[in-house]
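Below: one structure, written as structure tokens.
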Amino acid sequence: MSRLTDLIRKAKSEDPQLGADLEREFRALSSRLSFGLNFERHRPEAVELPNRPVRKGDKVRVLPPRGSTTKGDQRLWEVKAIRKRKNEADLELPNSEETEAQTVALDDLIVIAEFGDTIYPGLVSTGKVSRGDDKPWHTVINGENYHALKALTWTHRGKVDAIYIDPPYNTRDKDWKYNNDYVDKEDAYRHSKWLAMMERRLRVAKQLLNPDDSVLIVTIDEKEYLRLGLLLEQVFEEAEIQMVSSVIAPQGSSRGSQFKRSDEFIFFVFFGQCEVTPLRLDKEWSSGQESKTVRGAIHWASLKRTGTEATRRDRAQMFYPIFLSEDCSRFHSVGEGLPIDTDRNTIEIPNDCVAVWPIRRDGSEGRWQIAAQSLRDLISAGHARLGRPKGADTGIAYLKAGERNKVLTGEYKVVGNAPDGSILTEGVNGTDQLAEYRPTTVWNVASHSAGHHGSNLLRHIIPGRKFPFPKSLYAVEDALRFFVKGKPDAIILDFFSGSGTTAHAVMRLNEQDAGKRQCISVTNNEVGADEQKRLREESLRPGDDDWEKYGICDYITKPRVETAITGKTPEGKPVAASYQFGNAVEKEESRNFKHIGFTEANLFNTSTKKKQLVALVDALPQSLVKGDCPFIVSEEHTSSVLFDLEFKQAWLEALDGQEQITDFYIVAPAKRTFDELKLAVSDLLGPFLLKEEQEVPMSDGFKENAEFFTLTYETPLSVSYQTAFARIAPLLWLRAGSMGRRIDKLPSDGWDVADAYGLLIELDLATDFLKALRKAKDLQVAYIVTDDERRFQSIARRLPDGVEEVRLYESYLTNFAFANGDDA
């Protein structure tokens, strides 16, 4: 509409009556608003390209003199000629009634890309960091995000599993630019400019998301959330949309005379079959939802015998060594039972192994539950497992017959194997973990505080470098986890990546479950408003090295990603902080035993008297005392009572598998009897394992790979002469999954095969090329350069199964030509 008002104004100056008539009709039309969101789309949106060399035919702006704080000449000039020896360019003002020309130094010009122009994007590597061996590479792209998105439509169309963006919030405080001007509270078009900017990018992003199963996540605050919601409804008509309120500033942020603001909003846009994955969440998430432990899961019993007949003398053939690897992470072998008169210390231990014997807590020799050959069979089937590595004291567990039957009948599904070879199961009706559930739409989680886990965290990672309002690392991580938990190879995109929080969060997700997810981060190298003023006063301008080094990408994003991987700050020092919400680890806690001695044999011989004792026990209701009740063992409670010693063996059998019980009350006349039962229970259940968050030092870094790129703009000349291959090579690599080696040069032998893709230029060598492809293990794509459709199809039919065939034209850069704004 703003374009229409400009045309009406021009018409009125040339033909007042015609202009008045047009204006009247325009007002009549604009007064009849259709249902939904209406805004002015403000075309064109021009973008400055400070690192792009000036070429003949370019559109350029003239920069202000060095030291000036003005915006300079904002008109667009066309470069008619370049005088390299004088470092000058001849300019003309296009589309003007009178020819206006000038000659300007090349250093005083900045190239402009307008909507409607054809662009040929490429990528130039500006560095990399690698610690992830054969894992795919995360990528960080420095460039205008609309242009980068257009390039990604060739590499990742329909392949992205999740997009997480934190766009400018349009705070009216110079937090973003439109057409090289900051949009502030004085701009009457600030809302429609913001919507125009967002709509163009969302429409391209839609092409990247997997239509069958993917999610778009957008964060926003109260200034634009209403308009954003309507925009999402209009752009993604086929999707389901939900909004979450997330507390990011528990202390509240001032809103003048209004209520303090403590939350922001997160829009989730669901495509295809996408749904929120139920997760095991702690109490902060529950909002009253049930999250207690669910019993009935498969039970791993202690291999060491407890209770009666639990000594070596009782069953000598069940006293044998179990040999483990030196780090106690794997079974090595199982020895034979020892005769009662053989000293266990005389048994030879295999090289690089540790021997585990059934030694009781009092140091005496006990025995295992099953014979040596039976244990070998269980190990082979994955029905024996190792506890935490403790050398000769490493715990060993096994599945009893009843539990093995649960696996055989399908009550528990085998989903994999642990490093020690034991099976990993998934219960059909329950697990022995916290119940999985989906949280409500109100998130009040301490780890989502932007101040504590965004700004403060960033100070540790890149000391001395400031970035306004970074997201909490854990907030981004949690939002993504609901959608990529079950997708270890997911592709995540953030095209407003700012400080790089999304890439950091993806690496943490990989660390927690050994995933190979990859993140594509797109950001520009814009310098903040305050910093720009200082730099201009120092006679610096966009494009100068001393200007660009303070841009978001070079100063914040790239250093953060690199530091997250290496564990070292940009100054080379180990990061002096820990992730406060790390991996859940098991911590051993002692179980509690209370001896209740008495002198009268009939002291607890009635239910009334037993209830009186239970009333003194925390967390045990008296209703558990029923009938004779010789003992109390409940799956729903953490305390147990033994009233009658005649039933001690039955009590021990009932306790088997009740790891949740931490407090035991034993009625026994003698301290010796109490001590024996305490030892038997300790051997039966072992220590109480309490799960807690492990603080992981940031200095450990991550086993990940990342490469940094700058978006380039190629010329039609490079299309004709095929000189731009080095800049489009990363695009070929990205499409093939960002894996392994990249083919950076046109192969002199006519073809080349890298880890994930192959490139054929000389079609006469197709046979050799195809042989090499068949030997590759992780091949994803075969690029065939030809203008001949018949020959392309002939070679494509001979490709190995599962390999994508992609045709590149001989003027190959035409594959990557995009109309800048054809989707607007």
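The values are calculated or read from the model by the stated rules, or taken from the named source; none is laboratory data. Keep in mind that this is a model prediction, so the values were computed, not measured. Reconstructed Cβ throughout: ideal geometry from the backbone, glycine too, with neighbour counts over all protein chains shown. What goes into the accessible areas is simple: the full protein's heavy atoms, side chains included, and nothing from ligands, DNA or RNA. Shrake-Rupley method; radii C 1.70, N 1.55, O 1.52, S 1.80 Å.
Among the numbered conditions (1) within 28 Å of Ala706 (Cβ to Cβ); (2) touching a helix residue (DSSP H, G or I) at 6+ places or on another chain (Cβ under 9 Å), the only one that Gly802 does not meet is (2). Contact annotation: residue pairs with Cβ atoms under 8 Å, 6 or more positions apart or on different chains, pairing a residue in segment 468-489 that is at positive phi with a partner that is open to solvent by less than 10 Å² (accessible area, probe 1.4 Å) and in a helix (DSSP H, G or I), are Phe469/Gly454. If you go through segment 123-167 and keep only what is of a type in the set (Lys, Arg) and under 25 Å from Ser214 (Cα atoms), you end up with Lys135, Lys150, Arg157, Lys159.
Take Thr409 and tell me if it is within 19 Å of Gly686 (Cα to Cα) and surrounded by fewer than 20 Cβ atoms within 10 Å (Cβ to Cβ).
no
Evaluated against (1) under 24 Å from Arg360 (Cβ atoms); (2) part of a helix (DSSP H, G or I), Ser623 falls short on exactly one condition, (1). Each residue in segment 506-557 was checked for being at pLDDT 90 or above, closer than 16 Å to Gly132 by Cβ and in a helix (DSSP H, G or I), and 6 pass.
Test Asp213 against the stated conditions and say whether it is within 26 Å of the chain's Cα centre (by Cα) and farther than 25 Å from Asp161 by Cα. Please lay out each step first, then the result.
Values: within 26 Å of the chain's Cα centre (by Cα): yes; farther than 25 Å from Asp161 by Cα: no.
No.
Residue count for segment 320-334 satisfying the condition of being assigned to a loop (DSSP other than H, G, I, E, B) and closer than 15 Å to Leu378 by Cβ: 2. Say whether the condition of being over 21 Å from the mean Cα position of the chain (by Cα), closer than 21 Å to Arg201 by Cα and not β-branched (Val, Ile, Thr) is met by at least one residue in segment 466-481. Taking every residue of segment 466-481 in turn, none turns out to be over 21 Å from the mean Cα position of the chain (by Cα), closer than 21 Å to Arg201 by Cα and not β-branched (Val, Ile, Thr).
With a cut-off of at least 2 residues that are within 33 Å of the chain's Cα centre (by Cα), name the strands (runs of 3 or more DSSP E) lying wholly within segment 68-166. Working first, answer last.
On the way: elements: 73-83, 88-92, 101-105, 109-113, 121-130, 137-142, 162-165.
Here the list reads 121-130, 137-142, 162-165.
If only residues of segment 632-662 that are part of a loop (DSSP other than H, G, I, E, B) and open to solvent by 50 Å² or more (accessible area, probe 1.4 Å) are counted, the one that is modelled with the highest pLDDT is Asp644. Once segment 747-765 is narrowed to residues that are more than 11 Å from Val785 (Cα to Cα) and outside any strand (DSSP E or B), the residue that is nearest to the chain's Cα centre (by Cα) is Ala756.
Within segment 604-622, the set of residues being among the basic types (Lys, Arg), open to solvent by 50 Å² or more (accessible area, probe 1.4 Å) and closer than 19 Å to Ala668 by Cβ comprises just one member, Lys609.
I need the full set of residues from segment 749-796 which are within 26 Å of Pro136 (Cα to Cα) and of a type outside the set (A, V, I, L, M, F, W, C), in order please. Hits for segment 749-796 are Asp752, Asp755, Tyr757, Gly758, Lys771, Arg774, Lys775, Lys777, Asp778, Gln780, Tyr783. Within segment 453-511, the set of residues being of a type in the set (Phe, Trp, Tyr) and open to solvent by 10 Å² or more (accessible area, probe 1.4 Å) comprises Phe467, Phe469, Phe483, Phe496.
Out of curiosity, is Val625 more than 19 Å from Ala670 (Cα to Cα) and in contact with a helix residue (DSSP H, G or I) (Cβ under 7 Å, 6 or more places away or on another chain)? Criteria met by Val625.
Just give me the residues in segment 222-248 being in a loop (DSSP other than H, G, I, E, B), closer than 25 Å to Leu473 by Cα and open to solvent by less than 10 Å² (accessible area, probe 1.4 Å), in sequence order.
Glu224
Tallying residues that are basic (Lys, Arg) and open to solvent by less than 80 Å² (accessible area, probe 1.4 Å) within segment 740-778 yields 1.
Of all residues in segment 368-403, those being open to solvent by 70 Å² or more (accessible area, probe 1.4 Å) and under 38 Å from the mean Cα position of the chain (by Cα) number 6.
Filter segment 439-452 down to the residues that are part of a loop (DSSP other than H, G, I, E, B) and out of contact with any helix residue (DSSP H, G or I) (no Cβ under 8 Å at 6 or more places or on another chain), then identify the one that is least open to solvent (accessible area, probe 1.4 Å). Spell out the reasoning first.
Going residue by residue through segment 439-452, those that are part of a loop (DSSP other than H, G, I, E, B) are 439-441, 444-445, 449.
Those still in the list that are out of contact with any helix residue (DSSP H, G or I) (no Cβ under 8 Å at 6 or more places or on another chain) too: 440-441, 449.
Values: Thr440: 51, Thr441: 59, Ser449: 4 Å².
Ranking the qualifying residues of segment 439-452, first place goes to Ser449.
Summed over segment 75-110, the residues that are within 25 Å of Thr710 (Cβ to Cβ) and polar (S, T, N, Q) give a count of 1. Within segment 267-305, the residues that satisfy the criterion of being part of a loop (DSSP other than H, G, I, E, B), modelled with pLDDT of 55 or more and either within 30 Å of Val681 (Cα to Cα) or open to solvent by 70 Å² or more (accessible area, probe 1.4 Å) (or both) are Gln273, Glu275, Asp282, Ser287, Ala297, Ile298, His299, Trp300, Leu303, Arg305.
Taking each residue of segment 56-67 that is over 18 Å from Lys84 (Cα atoms) and looking for partners that are of a type outside the set (Lys, Arg) and modelled with pLDDT under 85 with beta-carbon atoms closer than 6 Å, six or more apart or interchain, yields Leu63/Gly72; Pro64/Thr70; Pro64/Gly72.
Of the residues Glu659, Glu646, the single one that is within 21 Å of Ala301 (Cα to Cα), charged (D, E, K, R) and without any contact (Cβ under 8 Å) to a residue 40 or more places away in the chain is Glu659. The combined condition, being of a type outside the set (Ser, Thr, Tyr), under 20 Å from Leu457 (Cβ atoms) and open to solvent by 20 Å² or more (accessible area, probe 1.4 Å), is fulfilled by Ile552.
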